[in-house]
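Q: Pasting a structure here, questions to come.
The values are calculated or read from the model by the stated rules, or taken from the named source; none is laboratory data. Only a predicted model underlies this, so the values are computations on that prediction, with no experimental measurement involved. Positions of Cβ are generated from backbone atoms using ideal geometry, with glycine treated the same way; all protein chains shown enter the neighbour counts. Just so you know, the surface numbers come from the protein's heavy atoms only, side chains and all, with ligands and any DNA or RNA stripped out. Shrake-Rupley method; radii C 1.70, N 1.55, O 1.52, S 1.80 Å.
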Amino acid sequence: MRELLNGKKIVLGACYYPEHWEREDWETDLKQMLASGIEVIRIAEFAWSKIEPREGEYTFTFFDEFLELAHRCGMKVIFGTPTATPPAWLTNQYPEVLNADMDGNLYRHGARRHYNYNSAKYQDFCKNIVEKIASHYAGHPAIIGWQIDNEINCETDVFYSESDTYAFRQFLKAKYHNIEELNQAWGTVFWNQTYTSWNEIYVPRKTIGDSTNPHEVLDYIRFVSHSARNFVKMQADIIRKYKKEGDFITTNGLFSNLDNHSMTKESLDFITYDSYPNFAYFVDGSGLSGLRDRKWSQNLTEVRSISPIFGIMEQQTGANGWNSKMEACTPRPGQMSLWSMQSIAHGADYVGYFRWRTCTVGTEIYWHGILDYSGRENRRLRELREFSKILEKLSELAGSTYLAQVGVLQDYDNLWDARLDRWHRRVEEVSREGIFTAAQLSHTPLDYVYLQDSSSLEDLMKYRVLFYPHAVILTEERMALLEAYVDQGGILVMGCRTGYKDLTGRCTRAYLPGLAAKLTGTDVIEYTFAAPEEEKVWVDWEGTKLEAAVFHDLLAPLDGNAQVLGVYSNSYFAGTPALICNSFGKGTAYYFGGTFTKEVAEQFLDKLGVKNPYQEIFELPACCELAVREKDGQSYYFILNYSKEAVTLQVKEKRINIYTGEEWQGSCLLEGYGTVVLK
Ligand code: GAL
């Protein structure tokens, strides 16, 4: 049986770096971890030189000794492949393994992730080291699983080395077969970009105005994702040959220009995520929506769209930051546990802390672990011990899955197109944030649902309401699925800019919203984005005022079946339809001519009858997140207080507090940063 994510127990772990400490420290550290509730450690993910100190010279004693000790102490181990940090001897001797910037300047030794996925040389070195590591260590009884590389596409998600150009040409040849097809797909007739041979094609390079052919860039992003996936698969295939039955393969993090769903499906047992919620204070300013650390729930929502039950490989424990950039302060008392519970609420059955002890050297001296440099007892360690006691009470909910009746449809073609196309990005960002924030603040559990080749009607039928906010790129296959969903009784909400591009990014000449016209009963007659200096534009939806922010599709009903629900109430197009609903089979499709800000999204949730579905049971302040996990018909309600103040919850129907076994009903107090799980 798998040691983690086996439906039996929620497990705590930590990241440990034996190579950062004296051998004498190991046993003390291992015992202290075990005594604090840590049962699993991840090791070795950057330690190539400890195994191959010089080209072709191997020594296994360092980790042999460590694994023996771990085993003796009863600590279980996730072993990492070290390919995120190639040794100096390698990059110096074979600079072709390095990634480059757009001007071709190589990224040199001294940081990490400076390699490229496509260098045949690097692939050979990686195959070799993974083969050596897996064949030597995989049988060790302390090992329970494997992490491939570290944070694929972190640090950079673009690759401009020579190897990438060669591989890009291969990728394009396999996709288009002949150069005429490529010219057609990339619209190279525009600005005389026509290619006559594959050798004229490069990964995007410096151009005037920093604008490269958008169809090319879209394919380039697909190529980056393809390269990363192949790199992961190459390693997974080797590990799979040697690993013990039940040992798992994963990788950590969620980064862009990467189809994480396909990567997980083809190479991993499940995905793990690295959760640092304090960044929301600093990287994203105060958080556009004011959600701050709670905004991390959006990332966790993404993670569980990949693996409904997942692991956290790195959960924040201390202040964050490199010596050179990024910073986030020390979690306040209670926040480490709050954020751990946030992960669990969304489906994490393993929470590994980053890291046990804070490193005393290198770029990450401010990226704190549970213990500071000295390793002395501290507040965070005490909090961990308390938390691990609570967790023991939660074993029964291991294996339960997050429950939502509202979903937001996404697909990689549109996500990637929004990265390179500013009109697309402009609407996408507003709605992504708006819908998520509205759901969070109104206590409406929400899923992200990725449309993939394997998506089925059954996947969609789980949801009463699906938003597909700005499906700029649509395909006939995806439309057929959406039509089947609505036909079977689903409610689909689409927004402005739907359906004007195909998979290559070419604009359709059909009347908009293109392939979605029939389902939505909508004809887009004209459109404009909102002029920044103009007054806000409003829509009157049967007495409710909605702002049509950012963009305005001016609509008309396609036929007598489509019903106009709302019209623009000001601007030169006042009186023009802005919201149309179309009954289709047993369900209904809505087309809204604007974006889904928080207020607009909340109105939709409300009018469609899916807002705050647990209001009969709870009345919660907005600062609390409500998440529900379910197993065997039993619901577990997580209530997480992100505010530093204590709050009062109204529990209208009696529930049991799993932490204490007490009954909760009526006014119940939740302390600042407090959490509770009720059933
Ligand atoms: C993660 C990474 C870790 C460590 C940590 C702090 O992104 O996986 O190796 O670097 O951040 O920077």
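Q: Which FRET efficiency, nearest 0.05, do residue 542 and residue 635 yield, Cβ-Cβ r, R0 22 Å?
A: Rounded to the nearest 0.05, the efficiency is 0.05.
Q: Counting only heavy atoms of protein chains, what accessible area per residue, in Å², does region 406-607 have with a probe of 1.4 Å?
A: Solvent-accessible surface per residue comes out at 40 Å².
Q: Using alpha carbons only, how many angstrom separate the centre of region 24-61 from the centre of region 635-649?
A: 38 Å
Q: Considering amide H positions built from the backbone, and no H for Pro or chain starts, which residues 5 or more places from residue 576, or on another chain, come under 5 Å of its amide H?
A: The list, which skips near neighbours in sequence, is 568.
Q: I would also like to ask the following. Please report, as a whole percent, how much of the solvent-accessible surface of region 406-607 comes from carbon and sulfur atoms (probe radius 1.4 Å). The partial results should precede the final answer.
A: Values: 3900 of 7980 Å².
Using a 1.4 Å probe with all protein chains present, region 406-607 comes out at 49 percent carbon and sulfur.
Q: In addition: I'd like to check one number: the per residue accessible area of region 104-225, probe 1.4 Å, reported in Å² as a whole number.
A: 45 Å²
Q: Further question on the same structure: Which FRET efficiency, nearest 0.05, do residue 423 and residue 23 yield, Cβ-Cβ r, R0 56 Å?
A: Plugging the Cβ-Cβ distance into 1/(1 + (r/R0)^6) gives 0.45.
Q: Trypsin sites (Lys or Arg not before Pro), restricted to region 475-523: which are DSSP loop and have at most 16 other Cβ atoms within 10 Å?
A: When the trypsin sites (Lys or Arg not before Pro) of region 475-523 are filtered for loop state and at most 16 Cβ neighbours within 10 Å, 506, 509 remain.
Q: Which percent of the accessible area of region 618-678 is formed by carbon and sulfur heavy atoms (probe 1.4 angstrom)?
A: Looking at region 618-678 in its full context, I get 42 percent from C and S.
Q: Using the Karplus curve 6.51 cos²θ - 1.76 cosθ + 1.60 with θ = phi - 60°, what ³J(HN,Hα) values do you get for each residue of region 426-442, in whole Hz, with x for Gly and Pro?
A: So the J values, rounded to whole Hz, are 3, 7, 4, 5, 5, 6, 4, 6, x, 5, 5, 5, 4, 5, 4, 6, 9.
Q: At most 13 other Cβ atoms within 10 Å and a DSSP loop assignment: could you name the GluC sites (Glu not before Pro) in region 370-433 that fit?
A: For GluC sites (Glu not before Pro) across region 370-433 that sit outside H, G, I, E and B with at most 13 neighbouring Cβ atoms in 10 Å, the list reads 377.
Q: From the Cα gyration tensor of the chain, with a ≥ b ≥ c the square roots of its eigenvalues, which class applies: rounded if a/c is under 1.5, or else prolate if a/b is larger than b/c, or else oblate?
A: oblate
Q: Then there's this: Sketch the reach of a paramagnetic label on residue 669 as a point 7 Å from Cα along Cα-to-Cβ, and name the residues of region 388-408 whose backbone nitrogen lies under 18 Å away.
A: Zone members listed by number: none at all.
Q: Evaluate 2.2 N^0.38 Å with N set to the residue count of region 1-103, then give the Cα radius of gyration divided by it.
A: Against the compact-globule rule of thumb, the ratio is 1.31.
Q: Ignoring everything except DSSP H segments at least 4 long, calculate the 222 nm mean residue ellipticity for the chain; use -39,500 (n - 2.57) per segment, divide by total residues, nearest 500.
A: -9500 deg cm²/dmol
Q: Assuming a ≥ b ≥ c are the square roots of the Cα gyration tensor eigenvalues, decide whether region 406-607 counts as rounded (a/c under 1.5), prolate (otherwise, with a/b larger than b/c) or oblate.
A: It is rounded, given that a/c, with a ≥ b ≥ c, falls under 1.5.
Q: From the phi angles alone, apply the Karplus equation (6.51, -1.76, 1.60; θ = phi - 60°) to region 620-635 and give each ³J(HN,Hα) in whole Hz, x where the residue is Gly or Pro.
A: 10, x, 4, 6, 9, 8, 10, 10, 10, 10, 9, 8, 6, x, 9, 9
Q: Same structure, new question: Compute, for region 406-607, the length of the dipole vector about the Cα centre, with Cβ point charges of +1 (Lys, Arg) and -1 (Asp, Glu) only. Units Debye, rounded to 20.
A: Taking the Cα centre of region 406-607 as origin, the dipole is about 40 debye.
Q: Where the accessible area of region 230-330 is counted over protein heavy atoms with a 1.4 Å probe, how much of it, in %, is carbon and sulfur?
A: Numbers: 1660 of 3340 Å².
Carbon plus sulfur share of accessible area: 50 percent.
Q: Do any chymotrypsin sites (Phe, Trp or Tyr not before Pro) in region 217-316 lie in a loop, going by DSSP, with at most 16 other beta-carbon atoms within 10 Å of their beta carbon, and if so which? The partial results should precede the final answer.
A: Numbers: sites: 220, 223, 231, 242, 248, 255, 270, 273, 279, 281, 282, 296, 310; in loops: 255, 270.
When the chymotrypsin sites (Phe, Trp or Tyr not before Pro) of region 217-316 are filtered for loop state and at most 16 Cβ neighbours within 10 Å, 255 remain.
Q: Can I ask one more? Given a 1.4 Å probe, how much area per residue of region 625-679 is accessible, in Å²?
A: 43 Å²
Q: Over region 406-607, what is the percentage of antiparallel beta bridges among all DSSP beta bridges, to the nearest 5?
A: Working: 27 of 44 bridges.
Roughly 60 percent of the DSSP beta bridges within region 406-607 come out antiparallel.
Q: Another question about this same structure. Within a Cβ distance under 12 Å of residue 576, other residues only, what is the Lys/Arg minus Asp/Glu net charge?
A: Overall, the nearby charge balance is -4.
Q: Quick one: which residues, 5 or more positions from residue 493 or on another chain, have an amide H under 5 Å from its amide H? H modelled 1.01 Å from N in the peptide plane, none for Pro or chain starts.
A: For residue 493, whose amide H was placed from the backbone, the distant partners under 5 Å are 466, 467, 468, 590.
Q: Mind checking which lysines have their Cα closer than 22 Å to the Cα of residue 545? Skip sequence neighbours fewer than 8 apart in that chain.
A: Within the straight-line cut-off, residue 545 pairs with 536, 598, 607, 611.
Q: For residue 511, list long-range residues whose amide hydrogen, built 1.01 Å from N in the peptide plane, is under 5 Å from its own amide hydrogen.
A: So residue 511 has HN proximity to no qualifying residue.
Q: So what is the relative contact order for the chain, in percent, with contacts set as C-alpha pairs under 8 Å and at least six apart?
A: Details: 1447 pairs, mean separation 74.3, N = 679.
Relative CO of the chain lands at 11 percent.
Q: Let me ask another. Answer rounded, prolate or oblate for region 494-579, using the Cα gyration tensor with square roots of eigenvalues a ≥ b ≥ c: rounded when a/c is under 1.5, else prolate when a/b is larger than b/c, else oblate.
A: Oblate, since a/c reaches 1.5 and b/c is not below a/b.
Q: About the Cα centre of the chain, how large is the charge dipole given +1 on each Lys and Arg Cβ and -1 on each Asp and Glu Cβ? Please answer in debye to the nearest 20.
A: Its charge dipole is roughly 900 debye.
Q: Continuing with this model, one more query. Rounded to the nearest 5, what % of the DSSP beta bridges within the chain are antiparallel ones?
A: 55 percent
Q: Tally Lys and Arg at +1 and Asp and Glu at -1 over the other residues with C-beta under 11 Å from the C-beta of residue 79: what net charge comes out?
A: Cβ neighbours under 11 Å give a net charge of +1.
Q: Excluding residue 513 itself, calculate the net charge of residues whose Cβ lies under 9 Å from the Cβ of residue 513, where each Lys or Arg counts +1 and each Asp or Glu counts -1. Provide the component values of the computation, followed by the final result.
A: Values: positive: 497; negative: 523, 553.
Every neighbour counted, the sum reads -1.
Q: Now, a different point. With a Förster radius of 30 Å, plug the Cβ-Cβ distance of residue 360 and residue 64 into 1/(1 + (r/R0)^6) and report the FRET value to the nearest 0.05.
A: Step by step, r from the Cβ atoms, then E = 0.75.
Q: Now, a different point. What aspartates and glutamates sit close enough to residue 518 to cross-link, taking a C-alpha to C-alpha distance under 19 Å and skipping anything fewer than 8 places away on the same chain?
A: Those aspartates and glutamates meeting the cut-off are 476, 477, 483, 487, 502, 526, 553, 559.
Q: Within the set 586/652; 31/393; 241/389; 8/31; 389/679; 9/679, which residue pairs have Cα atoms separated by over 26 Å? Could you put the intermediate results ahead of the total?
A: On the way: 586/652 34 Å; 31/393 23 Å; 241/389 38 Å; 8/31 24 Å; 389/679 18 Å; 9/679 17 Å.
Checking Cα-Cα distances, 586/652; 241/389 exceed 26 Å.
Q: Counting C-alpha atoms alone, how compact is region 618-678: give Rg to one decimal and Dmax as a whole number, in angstrom.
A: According to the Cα coordinates of region 618-678, Rg and Dmax are 11.1, 35 Å.
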